[in-house]
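For reference, the structure discussed in these notes is given below.
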Amino acid sequence: MTKNSRERKVRGSQIRSSRENKKRRRENKSIERLRRAESDGGSTTTSGSNQPGTSRSAGTTRELEDEFIPKEREFIETDAVKNVRQRMERWLTVDRPVHLIGPTGCGKTALAMHVARQRDQPVVWINGDTELSTSDLVGEYAEKERISERDQYIHNVLKSKEIVKDRWVDNPLTLAVEEGATLVYNEFSRTKPVANNVLLSVFEEGVLELPGQRGESRYVDVHPEFRAILTSNSVEYAGVHEPQDALLDRLIGVYMDFYDFETEVEIVDAQTDGDIGIETRQLVEIIRELRDRLQINVGTRAAIMVAEGAGTVDTIDRQALVELSVDALASKVAQYSEVQTLRTEVQTVIENTDITVS
């Protein structure tokens, strides 16, 4: 979605209004926003152009900031992290959506959220899921608005009527597009490709189409500050759908792997409070060795979990460390019978590690 693509004329002018009309509608929306803010005592809402018998409610910058997003945690930036961050920011600067790809637990989500927050724009969070539909992304007619009108122009005659309107409710993608937010679409490849088709016109033409909407309200101009960061696991992981090539062609792919040893040590240190009874470097060594030996994915998160568990143990010895490591990784195996194999591997690695207990 480049500057030139926003200026490109599209066939079907009877559907898409001129840019001057769009600018005028955006100004009218801002005026309406202020009026509602005054009447609501400061609570601001965004309204779209309405068709007869319909009403559309949308989110606001203030509402976006209240949306659930992962809490901000201390972010560690080594040279390795800085390199990936700068690559992402470079492409976001020229208005290209960034697709972070890598194994579970390598830090994709933490990095995506950090870069999004650094833009100093609202952040909208979407978590991909196989049940996610297009309406879950853009919105739908999900509410009824009841309006009562009274006619008192004739003396001693009271006329009243009640009007029920469909109310359109915007969902995260539409909110992000309208408000110029940074969209973080986590695990987007877990969503079925057909639901993500709406992203094609957003990234290429700078317009979002709302299936189910009516008239001019069906099309939403993409705010010039809107940016998107998508994350997904590599295609070999279970539950992953391979996105359509037309969408991938519009994304900048940034592949990630587990960070280097020193970076992982700093990350675990930052996420651990107090003395855990073992040197962090030794714990990370164990986790990295297990990563090489086991047939399951062993991410940096596993080291953090073991460290958190170690903080609850009075005395850390090899047996306690084995139990903590097995518990942190056992959910990765498919059957109970595989836990013993996992335990044997963990014991072997820990027995061969020179551990200093503090």
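Odds and ends about this structure:
- The range 212-227 - residue that is surrounded by fewer than 19 Cβ atoms within 10 Å (Cβ to Cβ) and at pLDDT 80 or above and, of those, nearest to Ser135 (Cα to Cα): Arg218
- All positions within the range 310-337 that are of a type outside the set (Lys, Arg), open to solvent by 40 Å² or more (accessible area, probe 1.4 Å) and either touching a residue at least 12 places away in the same chain (Cβ under 8 Å) or in contact with a strand residue (DSSP E or B) (Cβ under 9 Å, 6 or more places away or on another chain) (or both): Gly311, Val313, Thr315, Asp317, Asp327
- Test set (1) out of contact with any helix residue (DSSP H, G or I) (no Cβ under 9 Å at 6 or more places or on another chain); (2) without any contact (Cβ under 8 Å) to a residue 60 or more places away in the chain - Ser217 fails condition number: (2)
- Test: Gln340 is open to solvent by 90 Å² or more (accessible area, probe 1.4 Å), over 16 Å from Arg281 (Cα atoms) and modelled with pLDDT of 90 or more: yes
- Filtered residues of the range 316-336 (kept if polar (S, T, N, Q) and out of contact with any helix residue (DSSP H, G or I) (no Cβ under 6 Å at 6 or more places or on another chain)): Gln319, Ser331, Gln335
- Selected residue (criterion: nearest to the chain's Cα centre (by Cα)) from residues of the range 108-140 that are outside any helix (DSSP H, G or I), among the small types (Gly, Ala, Ser) and at pLDDT 90 or above: Gly128
- Filter result for Phe203 (open to solvent by 20 Å² or more (accessible area, probe 1.4 Å) and either closer than 20 Å to Asn83 by Cβ or out of contact with any strand residue (DSSP E or B) (no Cβ under 6 Å at 6 or more places or on another chain) (or both)): no
- Counting only helices (runs of 4 or more DSSP H) that sit wholly inside the range 298-358, those with at least 2 residues that are in the same structural domain as Asp273 (by the TED database) and more than 34 Å from the chain's Cα centre (by Cα) are 318-329, 337-351.
- Residue within the range 293-309 that is among the hydroxyl-bearing types (Ser, Thr, Tyr), open to solvent by 40 Å² or more (accessible area, probe 1.4 Å) and touching a residue at least 12 places away in the same chain (Cβ under 8 Å) present: no
The values are calculated or read from the model by the stated rules, or taken from the named source; none is laboratory data. Nothing here was measured: the structure is a model prediction, and the numbers come from that model. Every residue, glycine as well, gets a Cβ built from its backbone with ideal geometry; the counts of neighbours run over all protein chains shown. Side chains included, ligands, DNA and RNA excluded: accessible areas come from the protein's heavy atoms. Shrake-Rupley method; radii C 1.70, N 1.55, O 1.52, S 1.80 Å.
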